[in-house]
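Asker: Structure below; questions to follow.
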Amino acid sequence: MPFKRTPQQFAASIKEVTIGTGDKAVTLGGENVFPLYSFDAPISNPPKVGVEFSDTGPDRSVPGIAAFYAGADSLGDVAKRACDMPGADFVSLVLESADPNGDDMPIEECVALCREVAEAVSLPLVIQGSKNVEKDAKLFEKVAEALQGKNVLLMSAREDNHKAIAVAAVMAYGQKIGAESSVDINLAKQLNVLVSQLGIGGENVVMNLGTAAAGYGFEYVASTMDRVRGAALAQNDNMLQMPAITPVAGDAWSVKESVAPEEDFPEWGPAEQRGVSMEISTAASVLAAGANAVILRHPDSVAAVSKLVSELM
Amino acid sequence: MALKGLDIFKLTPKTNCKECGIPTCMAFAMKVAQGALPIEKCPHMSADALATLGEATAPPMKSVTIGAGDAAYKLGGETVLFRHDKAFISQNLYAVNITPQNADEAIPELLKIDYERISERMYVELINVAYGGDKAAFLETVKKALAAGRTLILEVGDPAAAREALELAKDQKPLLNGANPSNYAEMNALATEFGVVLGLSAPDLDGLYDLTAELEKLGNKNLVLDVGASSIKDAFANAVQIRRAALKDSDRTFGYPSLVNAAKLAPGDLNMQTALASLFTLKYGSIIVMEKMGYAQALPLYGLRQNIYTDPQKPMRVEPGIYPLNGADENALCATTVDFALTYFIVSGEIERSGIPVNLLISDAGGYSVLTAWAAGKLSASSISRFFKETAVDDKIKNRVLIIPGKVAVLKGEIEESLPDWKIVVAPNEAMGIVKFLKDMAS
């Protein structure tokens with residue numbers, strides 16, 4: 001008696017969101033099966049891998065990252081190089097210097113940097129903010145204006161600033177936004193409802209459901225994403241059907257396992273491989289839980305994770 | 001098919017004798033249908049009724065035990081596909097594959113992975129020894145692996161070689177992974193004779209299904225299913241479909257734990273193996289075999305596994321006590337937060353990033369986050385002062401500055417009253433602000 005297969009194909013599906021323009025544009029979402037279950041039904045848009053660098057440049061304290069960007073001095077050169085990283089589907093600039101609690105770079109300068117990067121890249125661009133709610137609201141409005149026509153994804157629209165960002169980015173300048181909530185299905189849904197009440201359709205919104213590095217409360221991340229996907233597909237909840245993007249690098253490269261110097265923990269071995277493994281493990285895990293895109297830093301991680309995705313499709 | 005409560009009720013004596021501890025037979029039948037009670041709790045069931053019900057009320061996925069004594073591990077017994085539906089039960093095990101060529105270096109290497117993380121010992125539970133055609137070399141490697149004191153997986157499909165390896169390892173109850181459609185009768189006889197769990201593999205999922213059914217017909221229900229190594233795509237498809245068939249579609253033939261050999265799926269590519277091990281830790285691998293497990297691989301994988309197998313209803317907690325960070329001594333600042341593991345990790349991580357020596361004082365707050373603990377009355381001025389007394393903080397630490405979480409700034413006055421010698425300082429609301437806060441304080 002052969003095994004009776006019962007594929008889980010749902011009547012509902014994840015909405016499609018396209019970022020970038022031309023033949024390098026990428027589309028996230030569209031599937032009507034659980035994450036990576038390509039054996040249940042074909043997944044037309046496999047999960048995408050993005051390469052992250054800061055507005056101060058890539059993290060050259062990590063040897064493999066420094067080697068990859070060697071000779072790329074201006075931010076434009078860095079952005080161009082990032083597009084050539086094998087496995088990269090898009091690139092992501094982090095406006096770290098904009099943070100008022102840090103360098104507090106003026107908005108005009110941030111916009112100039114964004115413009116420089118946008119001119120240099122051949123792949124779609126995802127811009128991450130300063131993590132400061134007030135600053136991001138003003139900043140993204142200007143960035144959205146400056147990059148009109150590039151169809152970029154502006155991350156970090158949160159409950160407190162979504163209005164300004166969403167209206168400017170999507171309605172005025174035709175960009176896409178990332179709706180960011182912190183590891184809670186109800187907060188995620190609430191934010192999506194608020195954004196939709198502004199008259200913005202799901203084809204303009206990608207969810208950042210919040211993340212953590214493997215071992216750091218990752219069970220909340222996994223279960224939140226599992227539940228979001230379950231609600232979107234099995235219960236046809238159209239306020240949770242947006243594709244999900246997870247910026248993995250920031251958490252993965254800041255936990256002790258990745259940054260503690262080898263001198264402090266000789267048995268742990270070189271920090272770089274620990275960081276790479278943490279980044280890969282966390283990325284593979286969020287993909288399994290439902291991320292349609294992950295953002296990573298190290299060339300080895302990008303290679304491994306993009307290969308994992310292509311093997312599974 | 002799962003039976004409904006009414007079907008079970010029809011088979012009970014309907015006497016409401018209460019001997020099962022439940023007031024009525026109807027209520028008992030409902031509990032059994034939910035899986036809350038085993039049918040055997042009723043002493044008056046007829047043998048016929050038990051036979052009818054036994055199969056139908058048996059758990060959807062069997063649990064099997066490999067290894068012996070302290071190194072015995074339970075696999076399987078899962079009831080849900082997603083941990084938020086209830087919890088995952090038997091955490092997956094990690095194995096390292098060793099060969100005759102690398103055994104002398106690989107075994108000491110894998111034994112180095114041995115550390116504690118949130119009250120759990122992290123180590124490589126299993127060693128996989130594969131038969132490569134040279135029996136003498138295989139047996140020699142089995143001996144070396146046995147000396148390491150870990151439970152073995154004997155990956156061998158040659159019955160003669162398997163018998164000799166089992167003779168060596170029988171007391172440690174290894175997993176015998178090697179039955180396939182052409183040798184299963186002999187391998188089954190060996191597994192039964194030595195009382196070990198048998199691993200099954202077949203070229204495809206239909207073949208594996210048939211093979212499992214054959215073994216069950218032979219009376220062996222002590223099985224592990226190898227998801228195969230033909231491709232990553234197939235291995236993942238098989239692992240998911242096996243588990244889903246058992247738990248969602250009530251197909252008990254596939255109700256067994258699974259084995260994923262990441263070493264074979266991505267030979268020589270440890271980064272890919274790390275990705276695979278993570279994927280299969282979330283989705284349905286019961287045993288995951290790696291080529292190598294160094295700290296770089298272990299730190300994320302064991303942390304991930306510990307997270308995923310946490311019971312959602314029982315948050316992970318750290319032991320209350322004084323945690324000196326960044327080389328803090330009795331003169332260093334003190335900060336306090338709750339014993340919820342996630343809070344502890346985030347707060348201690350940020351403090352470590354600041355580089356400022358701090359004594360982190362963790363009191364018993366019921367394993368809740370700061371605001372939840374405060375709302376539940378588990379984090380209060382009295383709970384903190386009680387902790388100070390019980391732990392004799394005043395004797396152990398000379399510094400008299402205590403930083404409290406920003407979210408419970410409201411407690412400042414009360415804490416000042418109950419700890420009059422201490423200067424109470426309120427931290428930022430979010431952990432993100434800790435580094436700047438501590439640096440400003442220190443300067």
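Asker: Return the Rg/Rh value of the stretch B:164-269, two decimal places, where both radii are evaluated on C-alpha atoms and Rh is the Kirkwood radius. If you can, show how the numbers build up before the last one.
Answerer: Values: Rg = 13.9 Å, Rh = 14.2 Å.
My calculation of the ratio gives 0.98.
Asker: Find the centroid of the Cα atoms in the stretch B:370-443 and in the stretch A:105-123, then give the distance between the two in whole Å.
Answerer: 43 Å
Asker: Right, here's the next one. Would you kindly derive the ³J(HN,Hα) couplings of the stretch B:202-207 from the backbone phi angles with the Karplus curve 6.51 cos²θ - 1.76 cosθ + 1.60 (θ = phi - 60°), listing them in order in whole Hz, with x for Gly and Pro?
Answerer: Rounded to whole hertz, the list is 8, x, 8, 5, 5, x.
Asker: Roughly what would the spin-label model give for A:Ala67 and B:Leu168, points 7 Å off Cα along C-beta, in nm?
Answerer: 3.9 nm
Asker: Show me the ranking of peptides A:4-11, B:424-431 by mean Cβ neighbours inside 10 Å, starting with the highest. Numbers along the way, then the final one.
Answerer: Details: A:4-11: 13.2, B:424-431: 16.9.
Top to bottom by mean Cβ count within 10 Å: B:424-431, A:4-11.
Asker: Right, another one. Test of understanding: what is the full-extension gain from B:Arg386 to B:Ala27, defined as 0.36 nm times their sequence separation minus their Cα-Cα distance? Walk me through the numbers before you get to the answer.
Answerer: Details: separation 359, 0.36 × 359 = 129.24 nm, distance 4.50 nm.
Taking 0.36 nm per residue and subtracting the Cα distance, the gain is 124.7 nm.
Asker: Let me ask you something else. Under 14 Å between alpha carbons, and skipping anything fewer than 8 positions from B:Lys389 in its own chain: which aspartates and glutamates qualify?
Answerer: Within the straight-line limit of under 14 Å, B:Lys389 reaches these aspartates and glutamates: B:Asp364, B:Asp421.
Asker: Along the Cα-to-C-beta direction of B:Glu140, a point sits 7 Å from the Cα; which residues of the stretch B:73-109 have their amide N less than 12 Å from that point?
Answerer: So the set is B:100-104.
Asker: Greater than 24 Å separation of Cα atoms is the criterion. Which listed pairs, A:Lys131/B:Lys283; B:Lys143/B:Lys292; A:Lys176/B:Lys233, meet it?
Answerer: On the way: A:Lys131/B:Lys283 32 Å; B:Lys143/B:Lys292 19 Å; A:Lys176/B:Lys233 32 Å.
Going by Cα-Cα distance, A:Lys131/B:Lys283; A:Lys176/B:Lys233 fall outside the 24 Å limit.
Asker: I need the calculated FRET efficiency for the pair B:Asp234 and B:Cys17, taking r as the beta carbon distance and R₀ as 35 Å, to the nearest 0.05.
Answerer: After rounding, the FRET efficiency stands at 0.10.
Asker: Place a +1 charge on the Cβ of each Lys and Arg in chain B and a -1 charge on the Cβ of each Asp and Glu, then give the dipole magnitude about the Cα centre in debye, rounded to the nearest 20. Display every interim value, and only then the final one.
Answerer: Working: 45 positive and 52 negative charges, 241 e Å.
Magnitude of the dipole: close to 1160 debye.
Asker: Once the convex hull of the C-alpha atoms of chain B is built, how many Å³ does it hold per residue, rounded to a whole number?
Answerer: On the way: hull volume 81.8 nm³, N = 443.
Taking the convex hull of the Cα positions in chain B, it is 185 Å³ per residue.
Asker: Give me the one-decimal Kirkwood hydrodynamic radius in Å for chain A, with the sum taken over alpha-carbon pairs.
Answerer: So the Kirkwood estimate lands at 19.6 Å.
Asker: Here is a further query. Averaged across orientations, what area in nm² does the convex hull of the alpha carbons in the protein assembly as shown project?
Answerer: Values: hull surface 143.2 nm².
For the protein assembly as shown, averaging the hull's shadow over all directions gives 35.8 nm².
Asker: Now a separate question. Count the DSSP beta bridges whose two residues both fall in the stretch B:63-308, then state the antiparallel fraction as a percent rounded to the nearest 5.
Answerer: Among the beta bridges of the stretch B:63-308, antiparallel pairing accounts for roughly 20 percent.
Asker: Give me the extension gain from B:Leu111 to B:Val425: residue separation times 0.36 nm, minus the current Cα-Cα distance, reported in nm with one decimal. Could the numbers behind the result be given before it?
Answerer: Details: separation 314, 0.36 × 314 = 113.04 nm, distance 4.52 nm.
This chain segment gains 108.5 nm when fully extended.
Asker: Report, in deg cm²/dmol and to the nearest 500, the calculated mean residue ellipticity at 222 nm for chain A, where each DSSP H run with n ≥ 4 adds -39500 (n - 2.57) and the sum is divided by the residue count. All intermediate terms of the calculation are to be shown ahead of the outcome.
Answerer: Numbers: 11 runs with 118 residues, N = 313.
After summing the helix terms and dividing by residue count, I get -11500 deg cm²/dmol.
Asker: Could you list which residues have their amide H under 5 Å from that of A:Ala244, counting only those 5 or more apart in sequence or on another chain, with H placed in the peptide plane?
Answerer: For A:Ala244, the qualifying residues are A:Met207, A:Asn292, A:Ala293.
Asker: Something else about it: Where is the GNM fluctuation largest for chain B (alpha-carbon springs, 10 angstrom cutoff): B:Asp204, B:Asp421, B:Asp234?
Answerer: B:Asp421
Asker: Shifting gears a bit: Have a look at the stretch B:5-57 and give its Rg and Dmax from the Cα atoms, expressed in angstrom.
Answerer: For the stretch B:5-57, the Cα radius of gyration and maximum Cα-Cα distance read 9.5, 25 Å.
Asker: Also, I was wondering about something else. About the Cα centre of the stretch B:1-117, how large is the charge dipole given +1 on each Lys and Arg Cβ and -1 on each Asp and Glu Cβ? Please answer in debye to the nearest 20.
Answerer: Numbers: 12 positive and 13 negative charges, 165 e Å.
With Lys and Arg at +1 and Asp and Glu at -1, about 800 debye.
Asker: Follow-up. What residues from the stretch B:239-267 fall in the zone where the backbone N is under 16 Å from a label point 7 Å along the Cα-to-C-beta line of A:Arg5?
Answerer: Counting only backbone N, you get B:239-246.
Asker: Measuring from label point to label point, each 7 Å out along Cα→Cβ, what is the A:Ser44 to B:Lys248 span in nm?
Answerer: The modelled label-to-label distance comes out at 2.2 nm.
Asker: By count of other Cβ within 10 Å, fewest leading, how are B:Met61, B:Met30, B:Met290 ordered? Please list the in-between numbers first.
Answerer: Details: B:Met61 23, B:Met30 18, B:Met290 26.
Lowest to highest Cβ neighbour count: B:Met30, B:Met61, B:Met290.
Asker: When chain A is modelled as a GNM with alpha-carbon springs shorter than 10 Å, which of A:Val195, A:Val255, A:Val205 fluctuates the most?
Answerer: Sorting by GNM fluctuation, first place goes to A:Val255.
Asker: Now, a different point. Among B:Ser258, B:Ser119, B:Ser250, which one shows the highest mean-square fluctuation when chain B is modelled as a Gaussian network with alpha-carbon springs under 10 Å?
Answerer: Sorting by GNM fluctuation, first place goes to B:Ser119.
Asker: Please find the FRET efficiency linking B:Ser119 to B:Phe82, where r is the Cβ-Cβ separation and R0 is fixed at 25 Å, and quote it to the nearest 0.05.
Answerer: Values: r = 25 Å, r/R0 = 1.02.
Efficiency at R0 = 25 Å is approximately 0.45.
Asker: Relative to a virtual label point 7 Å from the Cα of A:Glu134 in the Cα→beta-carbon direction, which members of the stretch A:85-115 show backbone nitrogen distances below 12 Å?
Answerer: Under 12 Å, as judged by backbone N against the label point of A:Glu134, lie A:100-101 of the stretch A:85-115.
Asker: Also: To two decimal places, what compactness ratio does the stretch B:1-90 give when its Cα radius of gyration is scaled by 2.2 N^0.38 Å?
Answerer: Values: Rg = 15.5 Å, N = 90, 2.2 N^0.38 = 12.2 Å.
The stretch B:1-90 yields a ratio of 1.27.
Asker: Beta carbons within 10 angstrom, averaged per residue: use that to sort the peptides B:270-282, A:297-309, A:166-178, B:394-406, highest first.
Answerer: On the way: B:270-282: 26.8, A:297-309: 25.1, A:166-178: 21.8, B:394-406: 16.8.
Highest to lowest by the protection proxy: B:270-282, A:297-309, A:166-178, B:394-406.
Asker: Something else now. With unit charges on the beta carbon (Lys/Arg positive, Asp/Glu negative), name the residue among A:Leu308, A:Met1, A:Ile19 whose Cα is farthest towards the positive pole of the charge dipole of chain A.
Answerer: A:Met1
Asker: Please report the spacing between the Cα centers of the stretch B:56-126 and the stretch A:144-201 in Å, no decimals.
Answerer: Value for the Cα centre distance between the two parts: 43 Å.
Asker: Straight-line reach from B:Lys221: which lysines have Cα under 18 Å away, leaving out those fewer than 8 places along the same chain?
Answerer: B:Lys62, B:Lys74, B:Lys173
Asker: Let me ask something additional. What dipole magnitude, in Debye to the nearest 20, does the stretch A:198-301 give about its Cα centre under +1 on Lys/Arg Cβ and -1 on Asp/Glu Cβ? Each step should come with its number before you reach the end.
Answerer: On the way: 5 positive and 13 negative charges, 96 e Å.
Roughly 460 debye for the stretch A:198-301.
Asker: Compute the separation of the alpha-carbon centres of the stretch B:237-288 and the stretch B:171-187 and state it in Å as a whole number.
Answerer: Cα centroid to Cα centroid, the span is 19 Å.
Each value in this text was obtained by applying a stated rule to the coordinates, not by laboratory testing. Quantities reported herein were computed from a predicted structural model and do not represent experimental measurements. Heads up, the Cβs are rebuilt from the backbone with ideal geometry, glycines too, and the neighbour counts pull from every protein chain shown.
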